[in-house]
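Engineer: Right, I'll just put the structure down here and ask away after.
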Amino acid sequence: MFNFSRKDTEFFDLFVENAKVFHLGAVMLDEIIKDPNKSLEHIEEILGLESTADEINEKIINKLNLSFITPIDREDIYSIAGELAKGVDMLQGALQRIIMYHAGHSTRRSPDLTKLLVDGTTELVKSFKLLSDVKKNQREILDAVHKVSDYESKGDLIYRAEIGILFDEAVEAAKEHGASRAVIHLIKWKDILEDVEEALDHTKKVADMIRGVVMKYA
């Protein structure tokens with residue numbers, strides 16, 4: 001019943017496209033966190049992320065409006081499309097904040113957070129590629145979304161520890177270089193770390209939606 005025809009898999013193909021944009025944003029963020037000087041190399045790609053995701057999302061919505069029968073619930077298609085686009089928006093916001101803030105070199109474990117984000121979005125792409133044959137691929141999909149949840153949990157621990165370190169370092173820096181400079185650094189990187197952590201949380205939200213589809217149709 002749930003071995004979809006090529007026509008019916010178009011929704012899943014579009015999900016894969018948008019998941020790849022989400023992953024691309026994560027990869028760019030990871031590179032720029034490691035080397036902020038690379039932000040200028042990626043400026044056009046960064047600015048194009050949101051519009052690319054929006055174009056794919058519009059294709060999904062248009063197809064949804066024209067389809068009498070859909071391979072999964074219309075509400076699920078609409079929600080997944082929206083959340084993927086929202087994830088891309090989050091990453092673009094984080095990337096633009098780094099550029100606007102002239103953030104400089106990252107905190108010590110920021111690259112650990114962005115690596116988890118890259119890994120999580122990789123698993124989302126994998127999950128969406130398998131979703132068109134949900135019955136056959138059930139175990140593999142659930143393994144992938146479980147990894148996303150695991151990455152998000154690890155990210156929470158890193159984020160909390162890093163924020164604490166950031167405040168401690170700000171206190172020490174204020175003693176040596178003056179309070180204003182220390183506070184500015186604190187504000188910049190607290191905001192950036194929050195952006196990354198929220199994007200990582202969002203990968204889990206999308207993964208939970210995929211899990212819900214598996215539970216319905218496997």
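The values are calculated or read from the model by the stated rules, or taken from the named source; none is laboratory data. Everything quoted here is computed from the prediction, not taken from an experiment. Neighbour counts run over all protein chains shown; Cβ positions are idealised from the backbone, glycine included. Ligands, DNA and RNA are excluded from the accessible area calculation, which covers all protein heavy atoms including side chains. Shrake-Rupley method; radii C 1.70, N 1.55, O 1.52, S 1.80 Å.
Engineer: Roughly how many nanometres apart are two label points built 7 Å out from the Cα toward the Cβ at Asp156 and Lys216?
Structural biologist: 2.6
Engineer: Need one word for region 104-185: rounded, prolate or oblate. Basis is the Cα gyration tensor (sqrt eigenvalues a ≥ b ≥ c); a/c below 1.5 gives rounded, then a/b vs b/c decides. Before the final figure, lay out each step's value.
Structural biologist: On the way: a/c = 6.17, a/b = 3.78, b/c = 1.63.
Prolate.
Engineer: Ok, one more. Just need log10 I(q)/I(0) for the chain at q = 0.13 Å⁻¹, Debye formula, equal scatterers on the alpha-carbon atoms, no solvent, rounded to two decimals.
Structural biologist: Treating every Cα as an identical point scatterer, log10 I(q)/I(0) equals -0.74.
Engineer: Let me ask something additional. Based on Cβ point charges of +1 for Lys and Arg and -1 for Asp and Glu, what charge dipole magnitude is obtained for region 125-218 about its Cα centre, in debye rounded to the nearest 20?
Structural biologist: Details: 16 positive and 18 negative charges, 141 e Å.
Dipole about the Cα centre, nearest 20: 680 debye.
Engineer: Then there's this: Measure out, as a whole number of angstrom, how far apart the alpha-carbon centroids of region 188-218 and region 72-136 sit.
Structural biologist: If you average the Cα positions of each part, the centres end up 7 Å apart.
Engineer: With the crude spin-label approximation of a point 7 Å out along Cα→Cβ, what separation in nm comes out for Ile61 versus His146?
Structural biologist: The modelled label-to-label distance comes out at 3.7 nm.
Engineer: Full-extension gain between Asp13 and Thr70, please, as 0.36 nm times their residue separation minus the C-alpha to C-alpha distance. All intermediate terms of the calculation are to be shown ahead of the outcome.
Structural biologist: Working: separation 57, 0.36 × 57 = 20.52 nm, distance 1.37 nm.
Length gained between Asp13 and Thr70: 19.1 nm.
Engineer: Tell me the per residue accessible area of region 78-218 using a 1.4 Å probe; a whole number in Å² is fine. Could the numbers behind the result be given before it?
Structural biologist: Numbers: 6700 Å² over 141 residues.
About 48 Å² of surface per residue is accessible.
Engineer: Now a separate question. Most mobile of Ile165, Ile141, Ile46 per a Gaussian network model of the chain (Cα springs, under 10 Å)?
Structural biologist: Sorting by GNM fluctuation, first place goes to Ile165.
Engineer: In addition: With each run of n ≥ 4 DSSP H residues scored as -39500 (n - 2.57), what mean residue ellipticity at 222 nm is computed for the chain after dividing by its residue count and rounding to the nearest 500 deg cm²/dmol? Walk me through the numbers on the way to the answer.
Structural biologist: Numbers: 6 runs with 177 residues, N = 218.
-29500 deg cm²/dmol, from helical runs alone.
Engineer: Report the one residue of Thr52, Leu29, Ser149 whose Cα lies farthest in the direction of the positive end of the charge dipole of the chain (charges on C-beta: Lys and Arg +1, Asp and Glu -1; origin at the Cα centre).
Structural biologist: Farthest towards the positive pole: Ser149.
Engineer: Here's another thing I want to ask about it. Do you know the relative contact order of region 1-152, to the nearest whole percent, from alpha carbon pairs under 8 angstrom that are 6+ apart?
Structural biologist: Working: 149 pairs, mean separation 59.6, N = 152.
In percent, rounded to a whole number, it is 39.
Engineer: Label points 7 Å out from Cα along the Cβ direction at Lys205 and Asp191: separation in nm?
Structural biologist: It is 2.1 nm.
Engineer: Something else: Quick check: at a probe of 1.4 Å, how many percent of the accessible area of the chain sits on carbon and sulfur atoms? Could the numbers behind the result be given before it?
Structural biologist: Values: 5830 of 11070 Å².
Its accessible area is 53 percent carbon and sulfur atoms.
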